[in-house]
Amino acid sequence: MHNSERNYSLDKEKIKFLLLEGIHPRARQVIEAAGYTSIVEQTGALTPEALHEALKGVHFVGIRSRTQLDAAAINAADRLTAVGCFCIGTNQVDLQNAQHAGIPVFNAPFANTRSVAELSIAEIIMLMRGIPEKNAAAHRGGWLKSATGSTEIRGKTLGIVGYGHIGSQLGIIAESMGMRVLFQDVESKLPLGNAEARDSLEALLAESDVVSLHVPDAPDTRNLMSASAIAAMRAGSYLINASRGTVVDIDALRDALASGRLAGAAIDVFPREPKSNAGRFESPLIGLDNVILTPHIGGSTLEAQENIAVEVASKLVRYSDNGTTASAVNFPQVSLPDHGDTRRIMHIHRNEPGVLQSINKVFFDKALNIAAQYLQTDGDVGYVVMDVESDHVSDLMGDLAKIPATIRTRILH
Ligand code: NAI
């Protein structure tokens with residue numbers, strides 16, 4: 001390798017990872033196993049000033065939900081190449097600013113799918129046996145020994161609203177326990193096992209002994225379980241919500257539970273949730289013995305934490321090693337094969353007409369052959385990856401950087 005070309009392609013030991021907020025140790029293992037040795041870890045989130053300082057010279061940063069990567073932090077990060085959110089949400093990152101700076105942001109949206117599905121199964125059993133009331137009574141010295149209203153889940157009908165990652169996983173487990181599974185989704189979905197689709201929410205509600213919600217927060221899911229939808233549920237049925245707090249009209253649910261029209265509910269997510277464990281939880285559902293209330297822990301398991309660590313660390317390593325951006329939340333998505341003996345050149349640019357032409361002209365002028373070329377754009381940013389069969393690429397990198405729309409360039413040897 002020519003010394004001058006080292007400016008463009010860093011040796012792995014010089015690539016710096018910063019992992020904040022006590023990320024699960026599996027992340028470090030994945031990064032080390034890929035040959036990266038410069039990994040700094042901190043247990044807590046940093047103040048803005050400390051964060052700006054800590055980000056200097058760092059190529060990859062891993063955060064959880066408490067680190068605010070706002071525009072100022074992104075500007076302070078002089079070498080930042082990609083961000084890993086070791087969690088589900090990415091609200092803590094200024095995604096547009098990161099995009100404009102040519103920095104892809106990764107997360108692990110589905111690492112806790114199984115955890116939510118398992119909790120929902122447990123809640124179906126608990127609700128159908130009337131455990132919340134019996135448990136609450138026992139804590140007060142009561143003794144509700146009775147089979148009245150208690151049923152097995154076998155043979156009962158589960159209605160799943162939102163048949164995505166969690167909904168479909170729940171359907172499979174429920175079916176293996178003998179439940180009949182119905183689902184309703186706005187998209188056409190392949191039914192797994194013996195699950196049956198229903199083409200309207202009303203049709204699903206009318207047939208379900210228990211309804212479990214697994215839709216995203218979106219304008220059309222807000223208040224999806226409105227007073228009239230709750231009224232359309234079967235008398236004596238149960239509602240489970242471990243999706244988003246905006247999906248259910250909580251006051252209408254309270255009325256339906258208090259009147260006995262619904263037999264019970266399990267609610268994990270709320271329109272207003274405390275910001276931390278020090279905050280006070282308030283809800284109209286407090287005090288109803290037939291309701292299981294949990295503090296948004298549907299996906300909170302050790303396994304999910306570990307899955308998140310492996311998934312996000314792998315995405316950072318893959319981007320560093322071969323430029324793949326698949327599943328980045330703010331960036332053109334390119335899934336790339338290994339580049340073998342060729343040099344891989346990455347060009348991130350503002351999405352303007354003529355950039356690809358300018359890039360190709362640079363190659364043409366140098367009489368260099370492009371073995372493979374990948375292009376993807378997303379909003380304001382374009383991402384071109386080229387594999388080149390030549391060792392003499394340092395001038396080329398300089399010329400690519402001079403194209404006016406360029407945000408950044410990178411080369412892998
Ligand atoms: P997903 O994106 O895989 O599936 C969502 C499904 O809902 C999709 O199939 C979509 O087509 C469907 N959908 C969208 N709008 C709909 C509508 N109006 N009616 C019917 N179906 C509709 O999402 P995933 O991973 O299954 O997550 C589902 C929900 O669970 C999300 O709200 C997510 O935020 C939440 N969640 C909650 C956790 C917790 O700790 N309680 C943990 C993980 C996820």
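The values are calculated or read from the model by the stated rules, or taken from the named source; none is laboratory data. Worth saying up front: this structure is predicted, and the values here are computed from it rather than measured. All Cβ positions, glycine included, derive from the backbone under ideal geometry; neighbour counts span all protein chains shown. When the accessible area is computed, the model is the full protein with side chains, heavy atoms only, and any ligands, DNA or RNA have been set aside. Shrake-Rupley method; radii C 1.70, N 1.55, O 1.52, S 1.80 Å.
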Problem set entry | Whole-number percent relative contact order across the chain, with pairs defined as alpha carbons under 8 Å at least 6 apart | 15 percent
Problem set entry | Gaussian network model of the chain, Cα within-10 Å springs - most flexible of Arg343, Arg261, Arg280 | Arg280
Exercise. Percent antiparallel among DSSP beta bridges with both residues in the chain, to the nearest 5?
Worked result: 35 percent
Seminar exercise, completed: With +1 on the Cβ of every Lys and Arg and -1 on the Cβ of every Asp and Glu, the dipole magnitude of the chain about its Cα centre, in debye rounded to the nearest 20, is 660 debye
For this session: Quick one: angle between helix 113-128 and the longest Cα principal axis of the chain, in degrees between 0 and 90, rounded to 10, please.
Result: 0 degrees
For this session: With a 1.4 Å probe and all protein chains in place, put Asp255, Asp399 in order of accessible area, largest first.
Result: Asp255, Asp399
Exercise. For the stretch 332-408, what relative contact order do you get, as a whole percent, if you take Cα pairs closer than 8 Å and at least 6 residues apart?
Worked result: 44 percent
Seminar exercise, completed: With every protein chain kept in place and a 1.4 Å probe, the stretch 113-293 has an accessible area per residue in Å² of 49 Å²
Exercise. Which lysines have a Cα lying under 19 Å from the Cα of Lys134, excluding residues fewer than 8 positions away in the same chain?
Worked result: Lys145
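If the only charges are +1 at each Lys and Arg Cβ and -1 at each Asp and Glu Cβ, what is the size of the charge dipole of the stretch 113-293 around the Cα centre, to the nearest 20 debye?
In debye, rounded to 20, the stretch 113-293 gives about 540.
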Problem set entry | Angle between the chain longest axis and helix 355-365 axis [Cα atoms, degrees, rounded to 10] | 30 degrees
Problem set entry | Using a Förster distance of 45 Å, the FRET efficiency for Ala136-Ile370 (Cβ separation, nearest 0.05) | 0.05
Exercise. Going by the alpha-carbon gyration tensor, a ≥ b ≥ c the square roots of its eigenvalues, is the stretch 113-293 rounded (a/c under 1.5) or, if a/c is not under 1.5, prolate (a/b greater than b/c) versus oblate?
Worked result: oblate
For this session: Compute the long axis of helix 302-322 from its Cα atoms, compare it with the longest principal axis of the Cα atoms of the chain, and write down the angle in degrees, 0 to 90, nearest 10.
Result: 20 degrees
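Keeping every protein chain present and rolling a 1.4 Å probe, give me the accessible area per residue for the stretch 332-408 in Å².
That works out to 50 Å² per residue.
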For this session: Once you have a ≥ b ≥ c as the square roots of the Cα gyration tensor eigenvalues for the stretch 332-408, tell me rounded if a/c is under 1.5, and otherwise prolate or oblate according to whether a/b is larger than b/c.
Result: oblate
Problem set entry | Prolate/oblate/rounded call for the chain, Cα gyration tensor, a/c under 1.5 rounded | prolate
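Carbon and sulfur atoms: what percent of the 1.4 Å accessible area of the stretch 228-334 do they account for?
Ligands and nucleic acids excluded, carbon and sulfur give 50 percent.
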For this session: Compare Arg140, Arg350, Arg234 in a GNM of the chain, Cα atoms joined below 10 Å, and give the one with the largest fluctuation.
Result: Arg140
Exercise. Of the heavy-atom accessible surface of the stretch 67-175 (probe 1.4 angstrom), what whole percent is carbon and sulfur?
Worked result: 54 percent
